[in-house]
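Notes to accompany the following structure.
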Amino acid sequence: MNTYLLLKTLHILSSVLLVGTGLGSAFYMFFANRSGSVPAQAVVSRLVVRADWWFTTPCIFIQPITGIAMAYMAGYPLSTPWLALSLGLYVLAGICWLPVVWLQIRMAAMANEAHTQNQTLPQLYQQYQLRWESLGYPAFIAMAGTYYLMVNKPVLWG
């Protein structure tokens with residue numbers, strides 16, 4: 001297998017893992033938060049944080065490394081419109097993701113504490129939940145847009 005195809009394989013696999021982990025985590029966290037079950041929220045939020053560290057974080061680095069290397073090898077300057085826009089959307093998703101990580105860590109700690117003390121979640125948890133969701137939607141849309149641009153490579157301008 002040549003270098004380009006190896007990079008492409010890593011790029012595709014890491015993009016699936018990145019978006020798949022994000023979507024799966026969001027799905028389970030969304031419904032655990034609506035269950036009203038503090039034990040469920042404690043377990044799911046802890047596992048969502050773990051999934052981000054184990055899967056999402058490495059993929060966040062693999063994506064631009066492999067993508068930029070492939071663009072270079074294929075002769076695409078980073079100023080190519082579809083590529084520049086996809087990089088911008090990727091950065092936007094990252095800007096949304098960074099506070100989401102912090103929120104998830106805090107939510108997991110709150111849920112674990114409430115669970116171990118057999119208490120209800122504090123109001124701050126619900127506030128964090130709303131912020132977490134409001135950042136997740138644009139991040140997911142940005143990643144979906146990035147997928148579209150990567151696959152279709154449309155002529156956008158210039």
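The values are calculated or read from the model by the stated rules, or taken from the named source; none is laboratory data. Quantities reported herein were computed from a predicted structural model and do not represent experimental measurements. Cβ atoms come from the backbone with ideal geometry, glycine included; neighbour counts cover every protein chain shown. Just the protein is used for accessible areas: all its heavy atoms, side chains included, with ligands, DNA and RNA removed. Shrake-Rupley method; radii C 1.70, N 1.55, O 1.52, S 1.80 Å.
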Looking only at segment 103-158, which residues are open to solvent by less than 80 Å² (accessible area, probe 1.4 Å) and either in a loop (DSSP other than H, G, I, E, B) or touching a strand residue (DSSP E or B) at 6+ places or on another chain (Cβ under 6 Å) (or both)? Leu121, Pro122, Pro154, Leu156
Within segment 92-101, can one find any residue that is open to solvent by less than 40 Å² (accessible area, probe 1.4 Å), under 15 Å from Asn33 (Cβ atoms), in contact with a Leu (Cβ under 7 Å, 6 or more places away or on another chain) and of a type in the set (A, V, I, L, M, F, W, C)? yes
Residues (more than 15 Å from Val49 (Cα to Cα) and among the aliphatic types (A, V, I, L, M)) located in segment 97-126: Ala114, Leu121, Leu124
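Within segment 1-44, track down each residue that is among the hydrophobic types (A, V, I, L, M, F, W, C) and within 25 Å of His115 (Cα to Cα). Full working, then the answer.
Of the residues in segment 1-44, the ones among the hydrophobic types (A, V, I, L, M, F, W, C) are 1, 5-7, 10, 12-13, 16-19, 23, 26-27, 29-32, 38, 40, 42-44.
Hits for segment 1-44 are Ala26, Phe27, Met29, Phe30, Phe31, Ala32, Val38, Ala40, Ala42, Val43, Val44.
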Subset tally (residues that are touching a Lys or Arg at 6+ places or on another chain (Cβ under 6 Å) and aromatic (Phe, Trp, Tyr)) for segment 68-117: 1
For segment 52-87, how many residues are touching a residue at least 40 places away in the same chain (Cβ under 8 Å) and surrounded by fewer than 13 Cβ atoms within 10 Å (Cβ to Cβ)? 1
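Determine, yes or no, whether Val91 is over 22 Å from the mean Cα position of the chain (by Cα), within 28 Å of Leu6 (Cα to Cα) and among the aliphatic types (A, V, I, L, M). First the steps, then the outcome.
Values: over 22 Å from the mean Cα position of the chain (by Cα): no; within 28 Å of Leu6 (Cα to Cα): yes; among the aliphatic types (A, V, I, L, M): yes.
Judged against the criteria, Val91 is not a match.
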Where Gly67 falls short, out of the listed (1) assigned to a helix (DSSP H, G or I); (2) farther than 30 Å from Val38 by Cα; (3) out of contact with any helix residue (DSSP H, G or I) (no Cβ under 8 Å at 6 or more places or on another chain); (4) not acidic (Asp, Glu): (3)
Within segment 106-115, how many residues turn out to be in contact (Cβ under 8 Å) with a residue 24 or more places away in the chain and out of contact with any Ser or Thr (no Cβ under 9 Å at 6 or more places or on another chain)? 1
Please verify whether segment 19-41 includes one or more residues that are part of a helix (DSSP H, G or I), surrounded by 15 or more Cβ atoms within 10 Å (Cβ to Cβ) and without any contact (Cβ under 8 Å) to a residue 12 or more places away in the chain. yes
